[in-house]
Amino acid sequence: MPCPYRYRGGCGKIAEVLRSPAPSRPIQIKICGLCRAEDAWLAAQLGADLLGFVMAQSPRQVTPREARRLHQGLSTPSVGVFVETDLDAVLRDAEAAGVERVQIHGQRSAAWLRDLGQFYPVLQVLGPGERGPASPVGELMLDASQPGSGEPLNWSAIQQDPPAERFWLAGGLSAEIVGRAIAELAPHLIGVDASSRLERYPGAKDPARLAQFIAAVRRESAKLSTELSTG
């Protein structure tokens, strides 16, 4: 498929990132808030590990049918993002969207998460001060109190009192700061999640910002791989 971006600079940056080698032990990358087919295509082409589609009230909200259409033809796994507390509603919309994973915001009981986990791998998102169940179900993500706001988390506070399990990091991440975040939290990280800071406007990703973000994560991952191999 040819590059769908028609404005200057998009495809050149894409080509630059595609030429760069992926690190042997990379920090995973999730690109969230995807509302346009060209943005989902670009994220997949650049090597994102997960594509996120928000099915909750948000400037980036899509319907399950739209999420399925946006992900059509892409092999990168898709994630449905929900805040719904009705498990049946989550399962219905996740199936309609055809997603491979479900991301849940807010605190849920271990039983609720286990029930969801019987159908989909779970990514539970917690904000500052929120606590998950004592026995985690699926993977954990730490995000700002208002997801999608572009508000960064306090990485130093996380480093001083990290969760017991490894986690994903979200909250205002961009190419300019993601390297510092990874450097501070690397032993604890599964991956990083970005959305609003990669946009031209809500719901529309900027191809250069997206490519620069993925390149920055790859650079820091390459450093970590080198340190692990020589340490």
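No value in this document is a laboratory result; all are computed from the given coordinates. Keep in mind that what you see is a predicted model, and the values were worked out from it rather than measured. Cβ atoms come from the backbone with ideal geometry, glycine included; neighbour counts cover every protein chain shown.
For region 24-230, what mean projected area does the convex hull of the alpha carbons give, in nm²? Let's see the in-between values first.
On the way: hull surface 43.2 nm².
Taking the Cα atoms of region 24-230, their convex hull projects to 10.8 nm² on average.
Which order results if Ser75, Ser174, Ser195 are arranged by neighbouring Cβ count within 10 Å, fewest first? Can you show the working numbers first?
On the way: Ser75 6, Ser174 17, Ser195 27.
Going from least to most buried by this count: Ser75, Ser174, Ser195.
I'd like to compare 99-108, 63-72: which one has the highest average count of other Cβ atoms within 10 Å, and what's the full order after that?
Numbers: 99-108: 21.4, 63-72: 17.6.
Top of the packing list down: 99-108, 63-72.
Within a 10 angstrom radius of the beta carbon, how do Phe213, Phe167 rank from fewest other beta carbons to most?
In increasing order of surrounding Cβ atoms, one gets Phe167, Phe213.
Read phi for every residue in region 163-172 and hand back ³J(HN,Hα) as whole Hz from Karplus 6.51 cos²θ - 1.76 cosθ + 1.60, θ = phi - 60°, with x for Gly and Pro.
My calculation for region 163-172 gives x, 5, 9, 5, 8, 8, 10, 10, x, x Hz in order.
If r is the Cβ-Cβ distance from Gln118 to Arg69 and R0 is 30 Å, what FRET efficiency results, to the nearest 0.05? Kindly include the intermediate steps, with their values, before the conclusion.
Working: r = 27 Å, r/R0 = 0.90.
That pair, Gln118 with Arg69, gives E of 0.65.
Could you list which residues have their amide H under 5 Å from that of Val137, counting only those 5 or more apart in sequence or on another chain, with H placed in the peptide plane?
none
Given contacts defined as C-alpha pairs under 8 Å and at least six residues apart, what's the relative contact order of region 30-181, whole-number percent?
Numbers: 253 pairs, mean separation 21.6, N = 152.
After rounding, I find 14 percent.
Below 8 Å, C-alpha to C-alpha, sequence gap of six or more: please give me the relative contact order for region 123-231 in percent. Can you show the working numbers first?
Working: 146 pairs, mean separation 23.8, N = 109.
Taking the mean separation of contacting Cα pairs over the length of region 123-231, I get 22 percent.
Of the listed peptides 81-91, 201-211, what is their order by residue-averaged count of other C-beta atoms within 10 Å, with the highest listed first?
Order by mean packing, descending: 201-211, 81-91.
How about region 135-213: which GluC sites (Glu not before Pro) there lie in a loop by DSSP and see at most 13 other Cβ atoms within 10 Å? The partial results should precede the final answer.
Working: sites: Glu139, Glu165, Glu176, Glu184, Glu199; in loops: Glu165, Glu176.
Those that pass, being in a loop and sparsely packed, are Glu165, Glu176.
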